[in-house]
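Single-structure report; data block below.
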2 protein chains.
Amino acid sequence: MSVTAAKGFRAGGIAAGIKPDGQLDVALVMADRAVPAAAVFTRNGAPAAPVQVSRRHLGEDLGVRAVILNSGCANAGTGEPGLVAASETAKAVATEIGCLPEEVLVCSTGPIGDVLEVGLITGALPDLVGQTLASAAHGTAAATAILTTDTVPKEATFWGDGFVVGGMAKGAGMIRPDMATMLAVLTTDAAADRDTLQRILRRAVETTFNCLNVDGCESTNDTVILAASGEVGGVDPEALAEGVEAVCRDLARAIAADAEGATRVVTVRIRGAADDAAARLLGRAVADSALVRSSFYGPDPNWGRILAALGSARVPFDPEAVTVSYAGTVVARDGMTVPDLDVDAVVDAMAGDFTVDVVVGTGLGEAEILTTDLTPEYVTFNGGRS
Amino acid sequence: MSVTAAKGFRAGGIAAGIKPDGQLDVALVMADRAVPAAAVFTRNGAPAAPVQVSRRHLGEDLGVRAVILNSGCANAGTGEPGLVAASETAKAVATEIGCLPEEVLVCSTGPIGDVLEVGLITGALPDLVGQTLASAAHGTAAATAILTTDTVPKEATFWGDGFVVGGMAKGAGMIRPDMATMLAVLTTDAAADRDTLQRILRRAVETTFNCLNVDGCESTNDTVILAASGEVGGVDPEALAEGVEAVCRDLARAIAADAEGATRVVTVRIRGAADDAAARLLGRAVADSALVRSSFYGPDPNWGRILAALGSARVPFDPEAVTVSYAGTVVARDGMTVPDLDVDAVVDAMAGDFTVDVVVGTGLGEAEILTTDLTPEYVTFNGGRS
């Protein structure tokens, strides 16, 4: 179950011809009426046209009636024609379902540089709206229509006490995505105002999607949306926040597991930093190092690369306190290699997904970053012409 | 010619048994007397023991009589025993050649985590000093003894008006090096005081070694040293600066050309930024993107990845002004794909080393960053157990 798990939402997907071979490429998520919604957009300095249009529509504060999403074209690096195309898309949806254009958000993902062909979407809209329903299968159709290089649709659901949070996401490249934009739409039937939703979503994104090693190198199109139908009435905001974070976490893990060319998901856990923010920066430096991630591919418990990456983070830590464990085995303690280590046993334990535990001092700050190994397949894949 | 090109310097290399199979692994660069010297050290938060010791010795301001360098062991992540080993190394050299320990700088490179075996160096020192001479061959022996995964020694010389600047370097990994520490020693026979040398060296490093995509992720051991014998007397500081920068530039290019697994050197040229510093940050964001560098491997003139990388730099620029050329052909102008492009011709022009020109606005800031393609071989190489 995903975006249709919460009462008051419908979803659907259709093949509009943006992608070849009849693949699903346009998704619609609809609320029964305009509902409060929040969004976290990419901080990339060259935001795509749909990001600019969605940000403007959300700023009108009229609520959100629908989110239209397409794969096969990012509509980024497209200047004024791109902005017109994104606006026209929202207008066409508004006309078809009977709402204001400002109540429609637009998301696009795919290769950068081509303007979205609005005609393909408007031509498919009547059929798409007819196939936008509240079933799980229709949620999965929407989740499938937003995929690019992903191999599987990504859906998650949190069943709270009297409310539901559901979500879908796409995102395949692990670092510096472009075709591999991260998009996610979450829905809930709990009631919450826009400011509450915004606060909850921002916090959840910070500890989940932003703890994939994507942060600081966000794509032109990254967007996470949370809409609340209120069908089941008000709930404890902390309980709702927990549900939103759980769904974001599941989706983030699904994105990592489906990363291009990756053979394993690695959790980098930092403890002992000055505070959580410092821990996140240190963890991201580790998870963002091509040398560290190559050693995960080996696999090779090469803690020196972790030390070097920590040192590059420009965050104070104590090199003499650094203790590193791979898959539960300590390989370096207090900044020095553990003598007489059974390296072969550690390597064996790194065969599948594993966790690297890094202690950097005696502070209370901690963070968990998800990453994957960097593989020859990743480079071959991303070296191919798009 | 390298460090022995300038009058007043000798060099040598020997196999001390730190590396296997009788490979050269210890280098010595000596001045005939203690001379003014400057150094730029890594800003990594976990600096190796030799960096800490050399920084302290240089701080004593007694001048530099010798630099001892070893490969096969980084002596990093080694705590107090590592500091003792680095100090003992300097002391042994001082005793052997008759100077103060504080007149000796120490550099190490190789795997992180093992303490340097000082006995191997002290045992080899009498022979090494005997083989430390002013010839070009002895300079090359020193340049060879500092190599790790490099495939060729890296030497450069600048013949100025009445003075010489020579240098040697090692460094093989392109990004986030650890075993692939960047070390360089430059010598000149011009006269200059320590402060002048420091100013000249820092500026040269900023526009050369720091414009390899190594910056912001410096290794635990990175060190660049410049020593001036003064044998030919004073020269125009600007002329000396030009010579130092030329040698640094040649060495940086040699490092890029010898990068692990790389098949081509790519020059990323940024123009139109607010100032040079902004241009460097934008260029580094491009050169540091695994997706961009994978597309260099393709090769694939995928300018969308460049746009996304620029946007991730958190530096103001104008996406609508972005114009990107690969190997001289404009593929995107004013933020949009050039229509009817002969992509195959562009791909053909990207077969060897090439330049990517990126215009980001109408400012006067510009920068040139050297990088390489990211290849499956890089990952395979760095995934191997060290």
- Note on the structure: Note, region B:335-342: 3J(HN,Hα) by Karplus (6.51, -1.76, 1.60, θ = phi - 60°), whole Hz, Gly/Pro = x, goes x, 9, 4, 6, x, 6, 6, 7
- Query: Dipole of the protein assembly as shown (Lys/Arg Cβ +1, Asp/Glu Cβ -1, origin at the Cα centre): which of B:A239, A:A309, B:G352 lies farthest to the positive side?
  - Reply: B:A239
- Item | Isotropic mean projected area of the C-alpha convex hull, the protein assembly as shown (nm²) | 31.9
- Query: Of all DSSP beta bridges located in region B:265-383, what percent are antiparallel, nearest 5?
  - Reply: 75
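What FRET efficiency comes out for A:D127 versus A:R55 if R0 is 22 angstrom and r is the Cβ-Cβ distance? Round to the nearest 0.05. The partial results should precede the final answer.
Values: r = 29 Å, r/R0 = 1.31.
My answer for the efficiency is 0.15.
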- Task: Please compute the net charge surrounding A:M1, taking Lys and Arg as +1 and Asp and Glu as -1 over other residues with Cβ under 14 Å from its Cβ.
- Result: 0
- Contact order normalised by residue count of region B:9-257, Cα under 8 Å, 6+ apart, percent: 25
- Note on the structure: Per residue, accessible area of chain A with a 1.4 Å probe, heavy atoms of protein chains only, in Å², comes to 33
- Item | Cβ-derived FRET efficiency at R0 30 Å, B:R203 paired with B:D32, nearest 0.05 | 0.65
- Can you give the net charge of the other residues whose Cβ lies under 14 Å from the Cβ of B:S87, counting K and R as +1 and D and E as -1? -2
- Query: So for region A:9-257, taking the charge dipole from beta-carbon charges (+1 Lys/Arg, -1 Asp/Glu), which of A:A169, A:N75, A:A136 sits furthest toward the positive end?
  - Reply: A:N75
- Restricting the count to DSSP beta bridges whose residues both fall in the protein assembly as shown, what percent are antiparallel, rounded to a multiple of 5? 70
- Item | Set of lysines near A:K170 by C-alpha distance (under 26 Å), chain-local residues within fewer than 8 positions excluded | A:K7, A:K19, A:K91, A:K154
- Measuring from the lowest to the highest alpha carbon on each principal axis, how far does region A:265-383 reach, largest first, in angstroms? 40, 35, 19
- At A:D276, with labels set 7 Å past Cα in the Cβ direction, how many nm apart are the copies from this one, shortest first? 4.3
- Message: Treating the point 7 Å from Cα along Cα-beta-carbon as the label, what are the nm separations from A:A136 to the other copies, to one decimal?
- Response: 7.7
- Item | Long-range amide H partners of A:S108 with built H, under 5 Å | A:N70
- Tell me which residues come under 5 Å, amide H to amide H, from B:V265 once H is placed; ignore anything under 5 positions away on its chain. B:D353, B:F354
- Item | Lys, Arg +1 and Asp, Glu -1 on Cβ, resulting dipole of region A:9-257 about Cα centre, debye, nearest 20 | 280
- Query: By Cβ position, which chain A residue lies least far from the axis that rotates chain A onto chain B, and what is the distance to the nearest whole angstrom?
  - Reply: A:P376, 2
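With only Lys, Arg, Asp and Glu charged, each at its Cβ (+1 for the first two, -1 for the last two), find how big the charge dipole of region B:265-383 is about the Cα centre; round to the nearest 20 debye.
In debye, rounded to 20, region B:265-383 gives about 400.
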- Task: Using only the alpha carbons of region B:9-257, determine the length spanned along each of the three principal axes and report them from longest to shortest in whole angstroms.
- Result: 44, 40, 32
- Query: How far is B:D193 from itself in the other copies, in nm, if each label sits 7 Å out from Cα along the Cα-Cβ line, shortest first?
  - Reply: 6.7
- Would you mind counting up the charge near B:W159? Only other residues with Cβ under 13 Å from its Cβ, with Lys and Arg at +1 and Asp and Glu at -1. -3
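Looking only at chain A, where both bridge partners belong to it, what percent of the DSSP beta bridges are antiparallel (to the nearest 5)?
70
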- Query: How many nm separate the modelled label positions at A:W159 and A:V347, each set 7 Å beyond the Cα in the direction of the Cβ?
  - Reply: 4.5
- Task: Taking amide H positions as placed in the peptide plane 1.01 Å from N, state which residues far from B:A15 in sequence (5 or more) or on other chains have amide H under 5 Å from it.
- Result: B:D25
- Query: What total accessible surface area, summed over both chains, is buried at the interface between chains B and A, computed with a 1.4 Å probe and given in Å² to the nearest 100?
  - Reply: 4600
- Starting from the Cα gyration tensor of region B:1-154, multiply each eigenvalue by 5, take the square root, and state the resulting semi-axes largest first in whole Å. 21, 19, 15
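The values are calculated or read from the model by the stated rules, or taken from the named source; none is laboratory data. Here the structure is a predicted model, which is why all the values come from computation and not from measurement. In this analysis, Cβ positions are derived from the backbone assuming ideal geometry, glycine residues included, and neighbour counts consider all displayed protein chains. What goes into the accessible areas is simple: the full protein's heavy atoms, side chains included, and nothing from ligands, DNA or RNA. Shrake-Rupley method; radii C 1.70, N 1.55, O 1.52, S 1.80 Å.
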